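Chemist: Can you read through this structure? Questions will come right after.
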Amino acid sequence: MAKVTSKLQVTVPKAIAARYGIRPGDEIEWQPAGPVIQIVPPGKQAPALSLEARLKLYDAATARQRHRQAGRPKLRPGTDRGWRREDLYVRGRAR
């Protein structure tokens with residue numbers, strides 16, 4: 001398991017670097033892939049997702065968001081604060 005430093009740097013484990021030919025100075029690509037992140041080694045291209053696969057990921061993310069919001073309490077309507085939004089733009093200015 002790699003640890004992220006305070007500078008958001010990650011050390012690639014030696015066994016993985018050797019297996020995929022990653023050397024010091026190489027640039028690796030980070031790609032979001034739904035709930036995970038893909039790390040693409042140099043010279044490798046991540047497979048392009050089909051439209052159906054992308055839509056499936058989108059639908060799954062939408063379902064997760066709806067599930068998260070279902071547990072939250074509904075927002076109450078605004079209360080009288082003693083001022084209106086328009087007052088913010090004229091307060092303290094000569095009319």
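The values are calculated or read from the model by the stated rules, or taken from the named source; none is laboratory data. Everything numeric in this text was worked out from a predicted model, so none of it was measured. Here Cβ is always computed from backbone atoms with ideal geometry, including for glycine, and neighbour counts include all displayed protein chains.
Chemist: Kindly indicate whether residue 66 is at pLDDT 85 or above, loosely packed, with under 10 Cβ neighbours inside 10 Å, closer than 22 Å to residue 34 by Cα and within 33 Å of the chain's Cα centre (by Cα).
Modeler: So residue 66 fits the description; yes.
Chemist: Among the numbered criteria (1) aliphatic (A, V, I, L, M); (2) free of Cβ contacts under 8 Å to residues at least 12 places away in the same chain; (3) in contact with a Pro (Cβ under 6 Å, 6 or more places away or on another chain), which single criterion is violated by residue 22?
Modeler: Result: residue 22 passes all but (2).
Chemist: Restricting to the range 43-62, give me the number of residues that are among the hydrophobic types (A, V, I, L, M, F, W, C), over 30 Å from residue 26 (Cβ atoms) and surrounded by 10 or more Cβ atoms within 10 Å (Cβ to Cβ).
Modeler: 3
Chemist: Search the range 3-29 for residues being assigned to a strand (DSSP E or B) and surrounded by 10 or more Cβ atoms within 10 Å (Cβ to Cβ), and hand back the single one that is modelled with the lowest pLDDT.
Modeler: It comes out as 29.
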